[in-house]
Amino acid sequence: MQGIYKTGEVIDVTYQATKATSGLIDVTMEIYDESRAKDGVNFPDVTMTEIGATGRYYDSLTPDAEGVWTVMIDSATKSGKIVKTFLVVGHNIDSIGDAIAALNDLSAADVNAEVDTALADYDGPTKAELDAAELAIRGADSDTLETLSDQLDDVSSPPMVG
């Protein structure tokens, strides 16, 4: 496995020719997608470009789905094929780190704005609604809990008949 990459992230692929052979014009990279199929329409074979006169050739691909992607590099004028695989995932370490950093970057103003929004959305009871709720608890004669407690104390029960 040559590395782990995020979907949609460019993967640079480098190939070093045997004996650093320079000037090759037929170094080709074939791309196989996550289903291990060669998708010539979306990912046609590419002729790799030499970096200077180093015998090192490069190109890139941008995977559009998660999974294991494979490239095969070949040159008709040189023997041997090189196969490289890349794991493509939904998130990479950088994107996770960026998401965490964004959470850490919340300012007091951001937090206050969220609180202000929540308070603005809150529909608290009106005085009339509170009075109605209190009336439902107390009853029509506005007895207090103390009055009700005193009234309960005054209630006598008949003696136990034994």
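Every read-out reported here was derived from the displayed coordinates using simple, explicitly stated rules and does not represent laboratory data. Source: prediction; values computed, not measured. Neighbour counts run over all protein chains shown; Cβ positions are idealised from the backbone, glycine included.
To test your reading of the geometry: what angle, between 0 and 90 degrees and rounded to tens, separates the Cα axis of helix 145-154 from the longest principal axis of the chain?
So the helix axis and the longest Cα principal axis differ by about 50 degrees.
For labels at L148 and D26 in the simple 7 Å Cα→Cβ model, what's the distance in nm?
9.8
Putting +1 on Lys and Arg Cβ atoms and -1 on Asp and Glu Cβ atoms, find which of T147, P125, A76 reaches farthest to the positive end of the dipole of the chain.
About the Cα centre, the residue reaching furthest to the positive side is A76.
In terms of the Cα gyration tensor, with a ≥ b ≥ c the square roots of its eigenvalues, is the stretch 4-91 rounded because a/c is under 1.5, prolate because a/b exceeds b/c, or oblate?
prolate
Apply 1/(1 + (r/R0)^6) to the Cβ-Cβ distance of M72 and I93, taking R0 = 30 Å, and write down the FRET efficiency to the nearest 0.05.
Calculated value: 0.65.
Can you list the lysines whose alpha carbon is less than 17 Å from that of K78, not counting same-chain residues fewer than 8 positions off?
Cross-link targets: K19.
Quick one, can you get me the convex hull of the C-alpha atoms of the stretch 7-56 expressed as volume per residue in Å³?
Here the figure is 91 Å³ per residue.
Could you give the semi-axes, largest first, of the ellipsoid that matches the stretch 95-139, computed as the square roots of 5 times the alpha carbon gyration tensor eigenvalues and rounded to whole Å?
After scaling each eigenvalue by five and taking roots: 43, 11, 7 Å.
If you take semi-axes √(5λ) of the Cα gyration tensor in Å from the coordinates, which of (i) 81, 20, 14; (ii) 26, 20, 18; (iii) 32, 21, 15 do you get?
Here semi-axes √(5λ) of the Cα gyration tensor in Å agrees with entry (i).
Between A132 and N104, what length comes free when the chain is fully extended (0.36 nm per residue of separation minus the Cα-Cα distance, one decimal in nm)?
That pair, A132 and N104, stretches by 5.5 nm at full extension.
So who's got an amide H within less than 5 Å of the one on K6, skipping anything under 5 residues away but keeping other chains? H placed 1.01 Å off N, in plane.
V89
Nearest 5 percent is fine: what portion of the DSSP beta bridges confined to the stretch 1-141 is antiparallel?
So the antiparallel bridges amount to about 90 percent of the total.
For K81, go through the aspartates and glutamates and keep the ones whose alpha-carbon is under 12 Å away, minus same-chain ones fewer than eight residues off.
Filter leaves E30.
How big is the dipole moment of the chain about its Cα centre under a simple scheme where the beta carbon of each Lys and Arg is +1, that of each Asp and Glu is -1, and everything else is neutral? Debye, nearest 20, please.
Charge dipole of the chain: 2100 debye, to the nearest 20.
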